[in-house]
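First comes the structure, then the notes that go with it.
The values are calculated or read from the model by the stated rules, or taken from the named source; none is laboratory data. Because the structure is predicted, anything quoted here is derived from the model rather than measured. Glycine gets a Cβ as well: all are built from the backbone with ideal geometry, and neighbour counts include every protein chain shown. Heavy atoms of the whole protein, side chains included, go into the accessibility calculation; ligands, DNA and RNA do not. Shrake-Rupley method; radii C 1.70, N 1.55, O 1.52, S 1.80 Å.
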2 protein chains.
Amino acid sequence: MSRVEDCHLIEIRSVLDHRGAISIIEAGLDIPFAIKRVYLTYDIPSNATRAGHAHRSLRQLYIAASGAFDVRLDDARALRTVTLRRPDIGLIIGPGIWRELMNFSSNACLVVLASEHYDENDYIRDHAAFRAAVAEGIFD
Amino acid sequence: MSRVEDCHLIEIRSVLDHRGAISIIEAGLDIPFAIKRVYLTYDIPSNATRAGHAHRSLRQLYIAASGAFDVRLDDARALRTVTLRRPDIGLIIGPGIWRELMNFSSNACLVVLASEHYDENDYIRDHAAFRAAVAEGIFD
């Protein structure tokens, strides 16, 4: 079963010195999946809401590379909102979670590491269809 | 042979709408390698110089997720400086290239997609050893 409680924050391995900071994610080591796709979301108006979909099987790590924003997670039973604001903290989101992004700060940049290549069939873009899928137990 | 001319900028597939921009990199499709490791460099003092090493076999894509900085590329024969300042442009750097990062703007964040897991044996951290390796033709 996919629950909002299963989405979890991870502390990303980081090295800090006088030249700045570096945070490192190795596929299969720091996160339990391969990295087939990476995307960056940026230039987001502060009043915009992004995402609004769920995935059938995709797993993702969300990182605030710059700025801050809220991630609202929805498993069709409960809602949970997580604020991302540091590049050394990531949010793991599994399948069966409806997510919306909002409250973007200026200069926010979201970096997402995704377990699969793009596949439109993996997206559920309609919330009623998402609730129906949860009720049918397809994420159990 | 590894030459600074072989390092090249790529235009990253991007989608822009009223909610902002998204730039997407799929491993093996948009870049000619798997993504085994991702790292983010940030909180960099404007007077800092980072990197200062070459790789024996690692391939990387550098992206300015936020802010701007210069990448100085050195193949032991020629120098070339590339400025990265947009999340929809990436710089591919192959093996046998000494690289230094400098002139960081405030809030700069470099995202690197790397072809291999971390391996200290892949790093050449001494410039004289790098020049010797080039002279020996190990990157040819």
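Relative contact order, percent, of chain B when contacts are C-alpha pairs under 8 Å separated by at least 6 residues? Don't jump to the answer; show the numbers that get you there.
Working: 325 pairs, mean separation 48.4, N = 140.
Relative contact order of chain B: 35 percent.
Note on A:C7: accessible area approximately 0 square angstrom, rounded to 10, probe 1.4 Å, nucleic acids and ligands left out. Compute the angle between helix B:127-136 and the longest alpha-carbon principal axis of chain B, please, reported from 0 to 90 degrees and rounded to the nearest 10. With rounding to tens, the tilt is 70 degrees. When A:E5 is represented by a point 7 angstrom out along its Cα-to-C-beta vector, the spacings to that point in the other copies are 6.2 nm, nearest first.
From the alpha carbon centroid of the range B:105-140 to that of the range B:16-54 is 16 Å.
Where does each of A:I10, A:I124 land when they are ordered by accessible area, with a 1.4 Å probe and the largest first?
Numbers: A:I10 30, A:I124 5 Å².
I get A:I10, A:I124, largest accessible area first.
Taking every residue in B:28-39 and counting other chain Cβ atoms within 10 Å of its Cβ, the average works out to 5. The residue among B:S46, B:A27, B:L84 whose Cα reaches farthest toward the positive pole of the charge dipole of chain B, with charges on the beta-carbon of Lys, Arg, Asp and Glu, is B:S46. For the protein assembly as shown, what class follows from the C-alpha gyration tensor (a ≥ b ≥ c being the square roots of its eigenvalues): rounded when a/c is under 1.5, otherwise prolate if a/b is larger than b/c, else oblate? Taking the square roots of the gyration eigenvalues as a ≥ b ≥ c, the protein assembly as shown is prolate. Simple spin-label estimate for A:D126 and A:T83 gives 3.6 nm between the two label positions (7 Å along the Cα-to-Cβ direction from each Cα). Ranked by solvent-accessible area (1.4 Å probe, protein heavy atoms only, all chains present), the residues B:S57, B:S2 order from largest to smallest as B:S57, B:S2.
Tell me, what is the FRET efficiency for B:R56 and A:D17 to the nearest 0.05, using R0 = 22 angstrom and their Cβ-Cβ distance as r? Mind showing how you got there, number by number?
Working: r = 24 Å, r/R0 = 1.09.
FRET efficiency, B:R56 to A:D17: 0.35.
Sparse packing (at most 16 other Cβ atoms within 10 Å of the Cβ) combined with a DSSP loop state is found for the following trypsin sites (Lys or Arg not before Pro) in the range A:9-118: A:R56, A:R77, A:R85. Per-residue ellipticity at 222 nm from helix content only, as computed over chain A with -39500 (n - 2.57) for each DSSP H run of at least four residues, stands at -2000 deg cm²/dmol.
With label points defined 7 Å past Cα in the direction of Cβ, position A:A128 shows copy-to-copy spacings of 7.4 nm, given to one decimal and shortest first.
Position B:R56: other-copy label points at 4.4 nm, ordered by increasing distance, label point 7 Å along Cα→C-beta.
Quick one: in chain A, what % of C-alpha pairs are over 23 Å apart? Considering chain A, 34 percent of its Cα-Cα pairs are separated by more than 23 Å. Take A:S14: with every protein chain present and a 1.4 Å probe, its accessible area is about 40 Å².
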